[in-house]
Amino acid sequence: QVQLVESGGGLVEPGGSLRLSCVVSGRRSSDYAVGWYRQAPGKALELVARISRLDSTNYTDSAKGRFTISRDNGKNSIDLQMNNLEPDDTAVYYCNGDRFGLLEPSRFGSWGQGTQVTVSW
């Protein structure tokens, strides 16, 4: 059974950077399209970045130019490099995957614990 575990969050000042990691166990990460999602307090779960099985990437408008999603096949992980962070990026970040690239949040019945990102002075 495949499992995805998020890590790398923390407290950072505006303008700072963090690198999140989504480690896949039970299958090769390259078998999955993977999305990074976030949920801020009182807001819906949002897909912010995605990478296909062929490594094409897409970002929400707020993430374009600041976030980069990539695979690390050595770690069997999908990482999210986040630069120039803003207070509005504060949220719990989750990853999830699908072999057929269907990454709408409503499709998933289970989520990991996520990793908290807080951007504040």
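The values are calculated or read from the model by the stated rules, or taken from the named source; none is laboratory data. This structure is a prediction, so every number in the text was calculated from the model and none was measured. Cβ atoms come from the backbone with ideal geometry, glycine included; neighbour counts cover every protein chain shown. Accessible surface areas use protein heavy atoms only, side chains included; no ligands, DNA or RNA. Shrake-Rupley method; radii C 1.70, N 1.55, O 1.52, S 1.80 Å.
Arrange the residues Ser7, Ser52, Ser110 by how much accessible surface each exposes, largest first, with a 1.4 angstrom probe.
If we order Ser7, Ser52, Ser110 from most to least accessible, we get Ser110, Ser7, Ser52.
Compute the accessible area per residue over the chain, keeping the other protein chains in place, probe 1.4 Å, unit Å².
For the chain, the solvent-accessible area averages 54 Å² per residue.
Which stretch or stretches of the range 85-121 have amide N atoms under 11 Å from the point lying 7 Å from Leu11's Cα along the Cα→Cβ direction?
118-121
What is the set of long-range amide H partners of Arg53 at a cut-off below 5 Å, with H atoms built 1.01 Å from backbone N?
The answer is Ala33.
Taking a ≥ b ≥ c as the square roots of the Cα gyration tensor eigenvalues, with a/c under 1.5 meaning rounded and otherwise prolate when a/b beats b/c, else oblate, which class fits the range 1-66?
prolate
Each residue of the range 56-68 in turn: what ³J(HN,Hα) in whole Hz from Karplus with 6.51, -1.76, 1.60 and θ = phi - 60°, glycine and Pro shown as x?
Ordered by residue, 3J(HN,Hα) equals 7, 10, 9, 9, 5, 4, 5, 9, 4, x, 10, 9, 9 Hz.
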